[in-house]
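> Once you've had a glance at the structure underneath, I'll fire off some questions.
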Amino acid sequence: MRRKPSQKTLLIPAMLDAHFPLLKYAFYSGKYYPVVMDASKDIVHYGLKYVHNDLCYPGILIVGQILETLNSGKYDVNQTVILEPQAGDACRGSNYIPMIRKALDQAGFAQVPIISLNVTGVERKHRLPITYAMLKKAVAGAFYGDMLMILKNQVLPYEKCTGQTEELYQQWMTKLSKDIEKGMHLSFREMKRKYCDIAQSFAKIPRVDRTIPKIGIIGELYIKYCHLGNWDLEAYLQSQDCEYSINGMTWYALYYVDTHLLSEGGVVREDIMGRFCKLVYHKFLDLQQTMVAAIKEEGLYCMDAYDVFKQKADGYVTYQCSIGDGWLIGAEFVNHVQNGYNRIICGQPFGCLPSHVCGRGLYPALRRSFPDAQYISVDYDASGTDALVKSRIRMLLAFSEGEK
């Protein structure tokens, strides 16, 4: 991705470890050169310096990462723009723009603009226009990111030759990055063909047959997908010789279209926008169904496509609970357990009320419905300690080891 003199740096807070290396190309244009921020050292310090400590933990990390990056001197702050994704519902993430603006002004970066990425009309004067080319690249980045993440996580613990899975993963990331950057081979037909190639390549990696703990990871979006939010949870589980499964981002995308865009106040929309969202839903679902089928065809694991996934959770979750990650958290719990991942790590950020109500509020009832499943609920907080979090995870792993 070449930078042009006319381009401004578009700084994107880290959020989706497996997806942003591909998704960032959707924002590459004659105006913007996208950069996913990697600052991590002092972000909690910077965050707590400029926002209140009762803010949700992802908000503290995002503010802190932005300020540490701007203070690093790597970028010309007069040619830099901040991009912040927003859900647009009762999640506090819908209020991040004014919060970040206040922090930037106080820290001496009043000249740095903030633009919002959302499809619900919040922060209209700051919203980044979404073009067809951008959407096309974003869809490819999201689905390919899902597929590579799902396949890597289940093949890596069993590989015979250490490093082979990571090497294949990086090969595909390089190849797909070039396609997305150039906008080539991104039709649904070509993506579906690529699904088969990707699944077959991972299935060919020689693996050993052994029994290790199988862990399902669920929870709030930022905590589930970002190493900053979950304190390098994946690396820790790898060091403990576990197989872990994280459901894909496209399930959240379909959940969001289903619960936020196709209805208003529980009533299905029948206007032009509603019909358009319905078309998007079915196109995305078709693409996801093909991805799931390609993975399962090679004898590898993937949760069912969104329609079946949602149906399997029927009776266990309340579909009216759709704020933030909403009933999706409980549905992932149900699907993980039904698919053999009987040990669940439920990650919540401090201060995320939707996650605590819609997520933690369901765990006791789900535990009664699935008595053979074990779970731990982990709160990630700026005042928490790594030792406390790991001790809770070790309790879950010790239980698994006792069952072998």
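The values are calculated or read from the model by the stated rules, or taken from the named source; none is laboratory data. Predicted model only: the values in this text are computed from it and were never measured. Cβ sites come from the backbone with ideal geometry, for glycine too, and all protein chains shown count toward neighbours. Each accessible area value is taken on the protein alone, full model and side chains, heavy atoms only, with ligands, DNA and RNA left out. Shrake-Rupley method; radii C 1.70, N 1.55, O 1.52, S 1.80 Å.
> Could you check the simple spin-label distance between SER29 and TYR132, using points 7 Å along Cα→Cβ, in nm with one decimal?
1.5
> Using the basic label-point model (7 angstrom from Cα toward the beta carbon), what is the ASP307 to ASN53 distance in nanometres?
Label at ASP307, label at ASN53, 5.1 nm between them.
> I've got another one for you. Over what distance in Å are the Cα centres of the range 1-80 and the range 350-404 separated?
30
> Rank PHE370, PHE188 by accessible area, highest first, at a 1.4 Å probe radius?
Numbers: PHE370 30, PHE188 65 Å².
The ranking, largest first, comes out as PHE188, PHE370.
> At 0.36 nm per residue, and after removing the present C-alpha to C-alpha distance, how many nm does the segment from GLN320 to LYS8 gain when stretched out fully?
108.1 nm
> What spacing in nm lies between the two simple spin-label points modelled at THR385 and LEU300, each 7 Å away from Cα in the Cβ direction?
4.0
> Could you list, in their original order, any pairs among LYS224/LYS296; LYS4/LYS178; LYS4/LYS136; LYS102/LYS390 whose Cα atoms are separated by more than 27 Å?
Listed pairs above 27 Å: LYS102/LYS390.
> Need the full-extension length gain, LYS178 to ASP105, defined as separation in residues times 0.36 nm minus the C-alpha distance. One decimal, nm.
Numbers: separation 73, 0.36 × 73 = 26.28 nm, distance 3.72 nm.
Extending this stretch completely gives an extra 22.6 nm.
> How about LYS160: which aspartates and glutamates have a C-alpha closer than 17 Å to its C-alpha, ignoring those fewer than 8 places off in the same chain?
Here the aspartates and glutamates satisfying the reach criterion relative to LYS160 are ASP209, ASP241, GLU243.
> Rounded to a whole number, what % of the accessible area of the chain do carbon and sulfur atoms account for, probe 1.4 Å?
Heavy-atom surface of the chain belonging to carbon and sulfur, 1.4 Å probe: 53 percent.
> Note the per residue figure in Å³ for the convex hull of the C-alpha positions in the chain.
Residue-normalised Cα hull volume stands at 139 Å³.
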